[in-house]
Structures are given as structure tokens and as C-alpha cells.
1. Can you tell me which residue within region 174-214, out of those that are over 20 Å from VAL282 (Cβ atoms) and small (Gly, Ala, Ser), is farthest from the chain's Cα centre (by Cα)?
2. Are any residues in region 157-200 on the phi < 0 side of the Ramachandran plot and surrounded by fewer than 14 Cβ atoms within 10 Å (Cβ to Cβ), and if so, which ones?
3. If you check SER102 against the conditions, is it surrounded by 16 or more Cβ atoms within 10 Å (Cβ to Cβ) and closer than 26 Å to GLU294 by Cβ?
4. Within region 239-248, count every residue that is touching a residue at least 12 places away in the same chain (Cβ under 8 Å) and farther than 17 Å from LYS154 by Cβ.
5. Out of the residues in region 1-40 that are modelled with pLDDT of 95 or more and of a type in the set (Val, Ile, Thr), state the one that is surrounded by the fewest Cβ atoms within 10 Å (Cβ to Cβ).
6. Right, THR30: among the polar types (S, T, N, Q), touching a Pro at 6+ places or on another chain (Cβ under 8 Å) and in the same structural domain as ASN92 (by TED's automatic domain parsing) or not?
7. Select from region 202-223 the residues that are in a helix (DSSP H, G or I), free of Cβ contacts under 8 Å to residues at least 24 places away in the same chain and under 19 Å from ILE290 (Cα atoms) and list them in ascending order.
8. Show the residue pairs meeting these rules: Cβ distance below 6 Å; 6+ apart or different chains; first residue within region 254-273 and over 21 Å from ASN206 (Cβ atoms) and at pLDDT below 85; second residue hydrophobic (A, V, I, L, M, F, W, C) and buried (at least 16 other Cβ atoms within 10 Å of the Cβ).
Amino acid sequence: MKPEMLAEAPPVVREFLGYIGTIRGKSPKTVEEYYLDLRTFFRYIKLQRGLVPPGTKFEEIKISDVTIDLIKTIDLTQVFEYMNYLSSERSNSSATRSRKVSSLRSFFKYLTNKAGKLENNPVKELETPKTKKSLPKYLSLEQSLELLSKVEGKTRERDYCILVLFLNCGMRLSELVGLNLTDLHEGNSTVKITGKGNKERIVYLNEACHDAIKRYLAVRPREGLIDKNALFISGQRKRISPKTVQYLVKKYLSEIDLGGPGYSVHKLRHTAATLMYQHGHVDIRVLKDILGHENLSTTEIYTHLSSEQMETAAQANPLSHVKQRGPLINKENKK
């Protein structure tokens, strides 16, 4: 989390952020998201209570003076009004509002059950906005092969290896960028991946991954490196950045016909999961461990994806609209 953000946070919020970061093991990025959600909430509360100078822009409202005494006066009705504000004034999607509900729940649960600063939790009955569950976009097997065939240029071994790991291991962007040479084990047959909340998992590397890593390591820069242990090195001789990986993935994706926008780095993770589940017949519990999902329900979206495909396939049958000629016979009329 950025130091300037932490400095702006009031003591009660800093204590909470320290708890979720150290005790619950949330990543710095997740801790920052919690803070941003709470900052928006307390800015709203201060604005509604008339605790800011007239004419102050919402984004300029400071929350460093928020105290536990102010928090004790917050009730569920005000939280409902805040949720309405997010929807009507800030045009937050249901998914964004759901995340902010989760942040508020965690914060007030901490104050009530862990810190003992509140007797009653005002958001205990706060419901999560319903979100539309959309199936993830992914590449077909043919599109995946075409994508790999587009890799060329002076960094082709590195770029090809990155795409292969995304498509075969289902890594998140942050996981791939964070890979170190020391994470490769047993002759590059397994790799240790550090996922969300610094949780580690071991993933087995198949022949394609093993070969891609071997070819990349043969040309990987060795001199003048800023981070000598980083697996993937940028042109500046330092650990490759998420932005660079996003750029190169989008560049190669733009060279194949995907039938529309919406494909990105994360779609390669969905592609890996879909191909393993549909073509490899991987057990859903095994897939959960490979992807590093905390809950099985997150992984089960790929079973729904398979069901939708089966329905689509049925509708695509050229005989799907052929009906028997003649009127429909009604049994009652036949008697």
C-alpha cells in the first residue's frame, strides 16, 4: 500500500488494514482496495453530516479525522443511503457495489468481533447486491495455437514462454510477473507460484512448458541485471512489469481473429482452465488447486461454461429448426 494513503488513513482504519494484511495475509493490492473503499464511504458520511467545508470536492475530502465516536453513530439506514448513492450518483456497477459491501462487512466485523470497539455491527444485515454472472471469455484450441504461432521478434523466446505458461498453467498476471528462477524445481518439472494472500502452490509443468522455459533460459540476459532472480527480464534488464506483459499479450491477441473485443491477459487464464476441463477432463477439485482458487464455487464456473456450450451445440445442429409438417394433433379433438 502506498505510504501517502496509509498516512491519510485514521488510526482505526490503519489498525484494520494492518490486521487484514498481517493476520489474514491479504496482498498489498487487496489492502489498498479495502482502504479505497473505506475512504469513499467515510467521505460520503462526512459530506452527509456537513463535516466538510462548503464547496469541497468529493475527491478532496480528508478522512484522517474520522474517529471511533463518529463510526459508532453510523446505522444501517445510512449505509443503505450510501449504497443508493454509489448506484445513482457514481454509477457503480453491481459488482463494484458488492465489493464495497464486502469491505464494509469486513471492517465492521473487525471492529465488533476482533477489536471490541463496537457493541453492535450496523452492517450485519446488509445484503450483497445481486450481480449478473457472465461466463468468462476464452480462446478455442485453434485460436490458442494460432496465438502461439504469431510470436516473433528479438524477444520471441521470452514472449512465447510467457504465453505458454499462461495457456498451460492458468497463472494470474501478478503470479507470472512474480516468478523467480528459484521457483523452478526438479529440472523445471514444477514451479512454485505465489498467489493471492501470498499463498503458495506447486504446479506441474508439462512438456510444452518445459521446452519453452529451456529455450528462454538459453537466451535470458545474465549481465547487468537489476533483479538477478527474476525469471522474466524486460528490455531494461529488470523484472518484467505487468504493464509490459499486458502490452505484449494484447499485441499478439490483436493479430488473430477473435470476433470482437474483450480479450486480455486474464482471458488466457480462463482459456487454460477451459481447455484443461473440457479437453483434459480434469477433475474440478484438481483444477481448483491448479488455479489457486480459495473456494470450489469459483472454479465451478467452468462446469457451467461446458453446459452452455452443449446447449449452443444443440441449437447449432442444422436440423434444430426442422419440424414435422401438418397440424399439431390435440388428443381432446381426436376423441
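The values are calculated or read from the model by the stated rules, or taken from the named source; none is laboratory data. In this text the structure is predicted, and so the values were computed from the model without any measurement. Cβ placement follows ideal geometry from the backbone for every residue including glycine, while neighbour counts extend to all protein chains displayed.
1. Filtering first and then ranking leaves GLY187.
2. To start, the set of residues in region 157-200 that are on the phi < 0 side of the Ramachandran plot comprises 157-169, 171-185, 189-196, 199-200.
Of everything in region 157-200, those that are on the phi < 0 side of the Ramachandran plot and surrounded by fewer than 14 Cβ atoms within 10 Å (Cβ to Cβ) turn out to be LEU181, THR182, HIS185, SER189, LYS199, GLU200.
3. Values: surrounded by 16 or more Cβ atoms within 10 Å (Cβ to Cβ): no; closer than 26 Å to GLU294 by Cβ: yes.
Here the answer is no, as SER102 does not meet what is asked.
4. Quick first cut of region 239-248, residues touching a residue at least 12 places away in the same chain (Cβ under 8 Å) only: 239-242, 245-246, 248.
Retained after the next criterion (residues that are farther than 17 Å from LYS154 by Cβ): 239, 241-242, 246.
Within region 239-248, residues that are touching a residue at least 12 places away in the same chain (Cβ under 8 Å) and farther than 17 Å from LYS154 by Cβ number 4.
5. VAL12
6. Numbers: among the polar types (S, T, N, Q): yes; touching a Pro at 6+ places or on another chain (Cβ under 8 Å): no; in the same structural domain as ASN92 (by TED's automatic domain parsing): yes.
It is false that THR30 is among the polar types (S, T, N, Q), touching a Pro at 6+ places or on another chain (Cβ under 8 Å) and in the same structural domain as ASN92 (by TED's automatic domain parsing).
7. Of everything in region 202-223, those that are in a helix (DSSP H, G or I), free of Cβ contacts under 8 Å to residues at least 24 places away in the same chain and under 19 Å from ILE290 (Cα atoms) turn out to be GLU207, HIS210.
8. Here the result reads TYR263/LEU253, each pair linking region 254-273 to a residue that is hydrophobic (A, V, I, L, M, F, W, C) and buried (at least 16 other Cβ atoms within 10 Å of the Cβ).
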